[in-house]
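For reference, the structure discussed in these notes is given below.
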Amino acid sequence: MRTVLGYVLIILLIPLSVLTFYYADAEAGKVKNFDDYVEEKIVINEVDLPQASKIKDADGNTYVELHQPNRIVVSDDKIPSFLKELFLQSEDKHFYEHSGIDAAAVIRAFLVNAQSDEIEQGASTITQQVARNIYLTQDRTLARKIAEVLYSYQIEKKLDKEQILDLYLNVIYFNNNTYGVEAAAQYYFQKPVDKLSKAQMAFIASIPNNPSLYDPIRHFENTKKRQERLIDIMAREEFITPEEAEQIKNEKITLNVRKRLDEYPDYSTYVMHEFRDLISESEGFDQQLLNAEGDARNAIEEKLSNRVAEVLASGVIIHTALDPDIQTKAVNAVNNVLAGSSVQSSAAVIGNQSHDIVAMSGGKDFEKTDFNRAFQGYRQPGSTIKPLLDYAPYIDTYGASVNEMVSADKYCYQGYCPSNYSKREYGMVTLKEALAKSHNTAALRLLTKTGMERAYSYLDKFEFEKVTETDHVAPATSLGGFEYGMTTLEMASAYSSFVDGTYTKPHAIKRITDFNGNTLYAWDEKPVRVWSTATSYKMRALLTNVVKNGTGKKANFATSYIGGKTGTTNSYRDLWFVGLTEGYTAAVWTGKDKYENKWDNIRYMESYAPHQLIWRRIMR
């Protein structure tokens, strides 16, 4: 009874509302005429339908679909005429005759539905449904219904019928977070809409009338029954013959539901982090945030978040440098080497020529919502800092050879008196041997000879995010004793400078385009000269010796070039290996997320060298 009264009220109020406007207009110019009033109050802007964005790997293959929502906008010429007619006949038979509101259809729908247990005919025109889906809400209120009528009136003035129908077919809801006919075709059948059979077209056309009732996954039989009714309508209206109708109804419908692509979570979580940074830098949010504090900062962050969501909803393709083979090796190496252990790990791999991030492991058994240790975990770097802060600055400053001598005996600087790992003294040794055996006193001597200010002038070029002013004057940093430390990704990035002496900040994102291939955003990083060509050549030789004859032997394997450096922090809480081959530079950290007490450590793993084994498995 309430439904009947509602229809009657709507039927009466729609013409009443229109008559009211015209009556007011007739009152000697006291108010604006109806068209001018609607033009002022109801603004129909150009429509950019939100649709799904994608993340693609280096080969152009999609590995993540970002449904915002799941919509794929398709042009009018790609939608089969049979599918269009299905919607016209079932939803708005007089679409080409009315001006947005079909009062006769409202009365007809009321009479038909009153005799049925379910809604057989809708009272809204296609134009009204466009208005409701784009400009209004789904609220079932009188105010919304009247607004829907006014919006429909204005849409019919601004757009032609084909434009309205095209919008409709791209906005309607097909359940399961799927909007528009193209997304529906690909979701339920994994086919583009213009490749569907007539039976499949009728099947998906059955859903929008009542997406919950006709959900093909949960209520397949309901959807099939409605499909057959639609086919009967098409036969009755002579768009197909009765014989063809029977053939279409008898065609077996087999769903082939397409799961949303969401692969390589270790890498894709970083991509989304970098995506936000790229938007921030490109549109000036980063500069606004520099000196903002408190509520002002929060307001800018909120604007940035809204902008990121807006760009994603516009339908973009995020082109990345992901190498699926290396990514799989990195994830498997971390998971397998540390299987059954409470110890965690992270890894980052950079292409030597492209300076792109090609792979990343955020941790053992990483899941998308986890803390990503590769770029979020700051750890003391241990002796892996020595090539960057002690050896290379010294060689670059003095032009020293790899065979220059340095003392590995006891040494103190500003009250800091480290000992060598073995607690022994070694006298004068070559730089080559000092790094291979990771003698601490020799490293500190090199730093002090270079001078901390000059040494840090090199290190600062790598833009380590959490290196502090205190670190700049702390001699313990010569052995990796930083206030906060570095991430796995930062260490791999810095070591990539030993390829040719230059540093280019690496990124996962190569560019962001729209669906037509137009570049919207891209990083503009310029290489920075850090080491001379001679220094980088000498450092590569030193790093090779570490792997061949020093502490990094378990990382070694046969290849054209290999070099790297191990690192162990005080109390054996972090194990590192950072190094490079001819093609790639990679860093691996191994340790626990949290330690229970000061005696808790992973010294028992030192001889097993999981950090070196993981690195070798990734790089081999």
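The values are calculated or read from the model by the stated rules, or taken from the named source; none is laboratory data. All of these numbers come straight from a predicted model, not from anything done at the bench. In this analysis, Cβ positions are derived from the backbone assuming ideal geometry, glycine residues included, and neighbour counts consider all displayed protein chains. Note: areas computed on protein heavy atoms with side chains; ligands, DNA, RNA excluded. Shrake-Rupley method; radii C 1.70, N 1.55, O 1.52, S 1.80 Å.
With bins 10 Å wide beginning at 0, the percent of Cα pairs of region 160-280 falling in each bin runs 12, 35, 29, 14, 7, 3, 0. Other residues lying with their Cβ under 14 Å from the Cβ of L255 contribute a combined charge of +3, Lys and Arg counting +1, Asp and Glu -1. First measure r as the distance between the Cβ atoms of S342 and E606, then evaluate 1/(1 + (r/R0)^6) with R0 = 22 Å and state the FRET efficiency to the nearest 0.05. That gives a FRET efficiency of 0.90.
Loop-only GluC sites (Glu not before Pro) in region 364-465, please: DSSP not H, G, I, E or B, and at most 11 other Cβ atoms within 10 Å.
Numbers: sites: E367, E404, E425, E433, E453, E463, E465; in loops: E367, E404, E425, E463, E465.
Of the GluC sites (Glu not before Pro), the ones in loops of region 364-465 whose Cβ has at most 11 other Cβ atoms within 10 Å are E367, E465.
With contacts taken as Cα pairs under 8 Å at a separation of at least 6 residues, the chain carries a relative contact order of 13 percent. A viscosity of 1.567 mPa s and a temperature of 4 °C, combined with the Kirkwood radius over Cα pairs in Stokes-Einstein, give a translational diffusion coefficient for region 465-587 of 78 µm²/s. Mean residue ellipticity at 222 nm, helices only, the chain: -13000 deg cm²/dmol; runs of at least 4 DSSP H residues each add -39,500 (n - 2.57), and the sum is divided by the number of residues.
Ratio of alpha-carbon Rg to the 2.2 N^0.38 Å globular estimate for region 399-475, to two decimals, please.
1.17
Run the accessible area of the chain with a 1.4 Å probe and give the carbon-and-sulfur part as a rounded percent. C and S fraction of accessible area: 49 percent.
Only Cα sites of region 367-433 enter the Debye sum here, all with the same form factor; the resulting log10 I(q)/I(0) across q = 0.19, 0.22, 0.24 1/Å is -0.91, -1.10, -1.22, listed in q order. Pairs spanning more than 23 Å between alpha-carbon atoms, out of K410/K432; K56/K329; K329/K432; K259/K368; K54/K368; K56/K594: K329/K432; K56/K594. What is the local net charge at K461, summed over the other residues whose Cβ is closer than 11 Å to its Cβ (Lys, Arg +1; Asp, Glu -1)? Net of charged neighbours comes to 0. With 21 Å as the limit, the listed pairs K93/K252; K93/K161; K386/K553 have K93/K252 beyond it between alpha carbons. What angle do you read, to the nearest 10 degrees and between 0 and 90, between the alpha-carbon axis of helix 220-236 and the longest principal axis of the chain? Roughly 40 degrees, rounded to the nearest 10. Here region 494-548 is described by how far its Cα atoms reach on the three principal axes: 50, 23, 13 Å, from widest to narrowest. As a size descriptor, the averaged projected area of the C-alpha convex hull of region 454-537 was calculated at 7.2 nm². Its Cα gyration tensor gives region 554-620 an equivalent ellipsoid. The semi-axes, each the square root of 5 times an eigenvalue, are 26, 10, 9 Å from largest down. Dividing the mean sequence gap of close Cα pairs (under 8 Å, 6+ apart) by how many residues region 360-517 holds gives a relative contact order of 29 percent. Computed from Cα positions, the angle between helix 265-282 and the longest principal axis of the chain comes to roughly 80 degrees. Relative to the dominant Cα principal axis of the chain, helix 440-450 is inclined by about 80°. Can you list, bin by bin at 20 Å, the percent of alpha carbon pairs in the chain, starting at 0? Going from the shortest bin to the longest, the percentages are 17, 36, 24, 17, 6, 0. Model label sites at K526 and E221, defined 7 Å from Cα along the beta-carbon direction, differ in position by 7.1 nm. The value obtained for region 363-516, namely the Cα convex hull volume divided by the number of residues, is 151 Å³ per residue. Shape analysis of region 238-381 places it in the oblate category; the axes a ≥ b ≥ c from the Cα gyration tensor give an a/c of at least 1.5, with a/b not above b/c. Per the Kirkwood formula applied to alpha carbons, region 197-236 shows a radius of gyration over Rh ratio, Rg over Rh, of 0.96. Each Cα pair under 8 Å and six or more residues apart adds its separation to the average, and for region 368-440 the resulting relative contact order is 29 percent.
Net length available on complete extension from C412 to E244 is 51.1 nm, with 0.36 nm assigned per residue and the Cα-Cα distance removed. Computed over region 268-349, the P(r) curve from all C-alpha pair distances, binned at 10 Å from the origin, holds 14, 33, 23, 23, 7 percent per bin.
Spin-label model, R307/N570: points 7 Å from Cα along the beta carbon direction are separated by 4.3 nm. Of all DSSP bridge pairs formed entirely within the chain, close to 90 percent run antiparallel.
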